[in-house]
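Notes for the one structure printed next.
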Amino acid sequence: MSKNWSDFWRQKNEFDNSMGVNYNHFLERVKKYVVPHKESVVLDIGSGPGNLEDAWHDKVKEIHGVDISERYNAIGREKHKDHPNVFFHDLPANDYLNFSMLREKKFDLIIVMSVLQYYRNKEEVVRLLENIRLLTKPKAQILLCDLIVQHSMLKEVFQVFWEYFRAGKFFSALSLFFRLRFSTYYDYKKDNGFLMLSQEEWKKLLAQLHLKATFLDQPLTLQKSRKNILISMD
Ligand SMILES: C[S@@+](CC[C@H](N)C(=O)[O-])C[C@H]1O[C@@H](n2cnc3c(N)ncnc32)[C@H](O)[C@@H]1O
């Protein structure tokens, strides 16, 4: 039976050690658009091993990570066991749009970073937005990051290569490329693909949901053709 992305993320994988490497790039750039503060209650959907929690736990009132990977949640909990304002919640892999564990909470900021490409279809994205808007405080922000809006794998690989090269890390890029090309990630991608919605599709979908949203004017990640959307709640 062919395996889906949830299976990939729940097992040990080639991103375990490399995911944090480019996160600083994101953190540096995201500051221009969202500013966490001492009263912020933050939700991080698809939190992985807790990169955002590592960076922001001492800047905000509370930060909640949710992920389908119990393994990543266990890593996050271990790192943050002495931080009572950091929480990791297990999302059921076969019911990952069910955020009922958070129903008592309201958030100032919700971040979905590098996750939506693993959703199955546009309808799931609509349901995600419908569900998380119920979890927001007035004036909250929702940031959808690293969205694939065009089929451009080759371009993406080249861009990442170029950024590494400029940073004097050509051999790290080469090594990452070969590890990914001959990895299970590549096989899962062949079987499942990535969810890709064009900017036009995004605009339609957001208008349909009556959400006030803008595409950010600058990239947040090394894959510069990917887009980021900031939604501002009333
Ligand atoms: C590329 S990693 C990004 C992790 C983190 N956001 C970061 O940027 O460091 C993708 C993460 O999304 C999680 N994920 C994949 N599909 C998901 C889903 N449907 N719901 C929630 N999390 C999901 C994976 O387990 C993994 O932790």
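The values are calculated or read from the model by the stated rules, or taken from the named source; none is laboratory data. On a predicted model such as this, the values are computed, not experimentally measured, just so you know. Every residue, glycine among them, receives a Cβ derived from its backbone with ideal geometry; neighbour counts consider all protein chains shown. Surface areas here come from the heavy atoms of the whole protein model, side chains and all, with no ligands, DNA or RNA. Shrake-Rupley method; radii C 1.70, N 1.55, O 1.52, S 1.80 Å.
A few notes on this one:
- Helical runs (DSSP H, four residues minimum) scored at -39500 (n - 2.57) apiece and divided by the length of the chain put the mean residue ellipticity at 222 nm at -11000 deg cm²/dmol.
- Percent of Cα pairs exceeding the 12 Å cut-off, where the set is the stretch 1-57: 74
- Solvent exposure, largest accessible area first (probe 1.4 Å, DNA, RNA and ligands not counted), of 182, 161: 182, 161
- Mean Kyte hydropathy of 1.0 or more with a Cα span along the axis of at least 15 Å, helices from DSSP in the chain: 170-181
- Rounded to the nearest 20, the size of the Cβ-charge dipole of the chain about its Cα centre is 480 debye, with Lys and Arg at +1 and Asp and Glu at -1.
- Cross-link pairs 79/155; 59/105; 59/169; 12/137 - those with Cα-Cα distance over 29 Å: 79/155; 59/169; 12/137
- Column: log10 I(q)/I(0), Debye, Cα scatterers of the chain, q = 0.09, 0.15, 0.16, 0.17 Å⁻¹: -0.36, -1.11, -1.29, -1.48
- Over the stretch 13-94, accessible surface divided per residue gives 47 Å², non-protein components excluded, 1.4 Å probe.
- Apportionment of accessible area to carbon and sulfur, the chain, percent (1.4 Å): 54
- For the stretch 1-114, alpha-carbon Rg over 2.2 N^0.38 Å: 1.05
- Radius 12 Å from Cβ of residue 135, net charge of other residues (Lys, Arg +1; Asp, Glu -1): +2
- Dipole of the stretch 101-234 [Lys/Arg +1, Asp/Glu -1 at C-beta], most positive-end residue of 121, 147, 167: 167
- Per-selection Kirkwood Rh - the stretch 161-226 (Cα, Å, 1 d.p.): 14.9
- For the stretch 148-210, the Cβ-based charge dipole about the Cα centre amounts to some 180 debye (Lys, Arg positive; Asp, Glu negative; other atoms uncharged).
- Remark on the stretch 127-204: Rg and Dmax equal 17.1, 47 Å (Cα only).
- Loop-resident sites, the stretch 88-170, for GluC sites (Glu not before Pro), counting at most 14 other Cβ within 10 Å (DSSP): 104
- Solvent-accessible surface ranking, highest first, for 158, 170, 88 at 1.4 angstrom: 158, 170, 88
- When both bridge partners sit in the chain, DSSP labels roughly 30% of those beta bridges antiparallel.
- Residues whose amide H lies under 5 Å from that of residue 110, counting only those 5 or more places away or on a different chain, are 43, 141, 142, 143; hydrogens are built 1.01 Å from N in the peptide plane.
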